[in-house]
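Since every read-out is calculated from the coordinates, none of them should be taken as a lab result. Note that the structure is a prediction, hence the values are computed from the model and not measured. Please note: Cβ atoms are built from the backbone with ideal geometry, for glycine as well, and neighbour counts cover all protein chains shown.
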Amino acid sequence: MIFYFSATGNTQYAAQRIAEATGDYTVSIRQCMADGRRAFPLKEHENFGIIMPTYFQGMPLFLQEFLETLTLTVEGTDHYAYAVSTCGVSYGNSGSEAVRAAQEAGITLDATFRIRMVDNWNPYFDMTDRAFIQAAEQTAEADLTEVCAKIKARERGVYLADCFDAGKERELAAAYEESRKTSLFQVNDPCIGCGACAAQCPVQAIEIRDGRPVWVKEKCLLCLGCVHKCPKNAIAYTEATIGHGQYTNPHIQRIV
């Protein structure tokens, strides 16, 4: 089984590619968190995978919260457990964070990997730069091919050595907490009140009121799904995202 969380399709695409290569099946953490499903059987000879995006050089809180409440009924002893971090520039300390979170669920990871994909953190990266997008997509395909082969062969090893010390990890965690305040989002005139942003939000931080999105929670995951999935490109996260376009993975039609 392959657990994944995806906001804009990159991680979902990676999970699907790995599932195809290994004959495994995918499980959406977003759906599990919504319907309360936390118990799963891990059968003899079955793989256990975690595919995750990288947020502020670490593992998203959404995954940590899910793994803390995950209950596995483990059958037999022949299992292969791994984590894959999808990232743009850097995976940070997401590997060791995944190792710790998996241990909370009673799983010892045999391997950690990375897949470099389009970094659609558009407060910084310009999603209208087609050369940048195309180069990143080519890198993603090469990394996917390599990682799929290693997982299929049940290769062991830590390929995600920490990029930072504990002090820097705490600093980044504090920056993430400050940055995920929903007061930093704004809605611009092209908004048509379609509700795509509210439907996209994995933590139900958005409601449509009087035909406009309203953030009803003080903080969100900062996945930027609402920014990238808005059909009118009407949502901005700070002024920095204005004019930087949108990006969702072209291989994924519906993010689950």
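Give, rounded to the nearest 20 debye, the magnitude of the charge dipole that the chain has about its Cα centre when Lys and Arg contribute +1 at Cβ and Asp and Glu contribute -1 at Cβ.
Value, rounded to 20: 500 debye.
Can you give me the pair-distance distribution of the chain, C-alpha pairs, 10 Å bins, whole percents?
Each 10 Å bin holds this share of Cα pairs: 7, 31, 36, 20, 5, 0.
By how many degrees, between 0 and 90 and to the nearest 10, does the Cα long axis of helix 166-179 differ from the longest principal axis of the chain?
Here the helix axis deviates by roughly 40 degrees.
For the range 147-256, with only Lys/Arg (+1) and Asp/Glu (-1) charged at the beta-carbon, what is the dipole magnitude about the Cα centre, in debye rounded to 20?
540 debye
Once the Cβ-Cβ distance between T71 and Q204 is put in as r, and R0 is 30 Å, what FRET efficiency do you end up with, to the nearest 0.05?
Given R0 = 30 Å and the Cβ-Cβ separation, E is 0.80.
So what J values fall out for the range 80-91 if you push phi through Karplus, 6.51 cos²θ - 1.76 cosθ + 1.60 with θ = phi - 60°, rounded to Hz, Gly and Pro as x?
10, 10, 8, 10, 10, 9, 8, 8, x, 6, 8, 8
Could you list, in their original order, any pairs among K43/K150; K152/K229; K150/K181; K168/K229; K43/K229 whose Cα atoms are separated by more than 28 Å?
Going by Cα-Cα distance, K152/K229; K150/K181; K168/K229; K43/K229 fall outside the 28 Å limit.
Toward the positive end of the charge dipole of the chain, about the Cα centre and with charges on Cβ (Lys, Arg +1; Asp, Glu -1), which of I252, N122, G58 goes farthest?
Farthest towards the positive end: I252.
Report the Cys residues of the chain lacking a disulfide-compatible partner, meaning no second Cys Cβ under 4.7 Å from their Cβ.
Lone cysteines by the Cβ rule: C32, C87, C148, C163, C191, C194, C201, C220, C223, C230.
Which of the GluC sites (Glu not before Pro) found in the range 42-104 are loop residues per DSSP with 12 or fewer other Cβ atoms within 10 Å of their Cβ?
Passing both the DSSP loop test and the Cβ count: E44.
In the range 1-80, what chymotrypsin sites (Phe, Trp or Tyr not before Pro) fall in a loop by DSSP, with at most 16 other Cβ atoms inside 10 Å?
Y25
I'd like the distance between the alpha-carbon centres of the range 55-98 and the range 204-231, rounded to an integer number of Å.
26 Å
Place +1 on the Cβ of every Lys and Arg and -1 on the Cβ of every Asp and Glu in the chain, take the dipole about the Cα centre, and give the residue among N47, Q200, A98 whose Cα lies farthest towards its positive end.
Q200
How compact is the range 91-225 by the rule of thumb for globular proteins, expressed as Cα Rg over 2.2 N^0.38 Å?
Taking N as the residue count of the range 91-225, the ratio is 1.32.
Across the range 117-131, in residue order, what do the Karplus-derived ³J(HN,Hα) couplings come to in whole Hz, using 6.51 cos²θ - 1.76 cosθ + 1.60 with θ = phi - 60° and x for Gly and Pro?
Each residue of the range 117-131 in turn: 10, 5, 7, 9, 6, 7, x, 10, 8, 8, 7, 8, 7, 5, 5 Hz.
From the P(r) of the range 39-130, could you give the percentage of C-alpha pairs in the tail past 15 Å?
For the range 39-130, the share of Cα pairs beyond 15 Å comes to 61 percent.
To the nearest 500 deg cm²/dmol, what mean residue ellipticity at 222 nm is calculated for the chain from DSSP H runs of n ≥ 4 alone, each contributing -39,500 (n - 2.57), summed and divided by the residues?
Result for the chain: -10500 deg cm²/dmol, rounded to the nearest 500.
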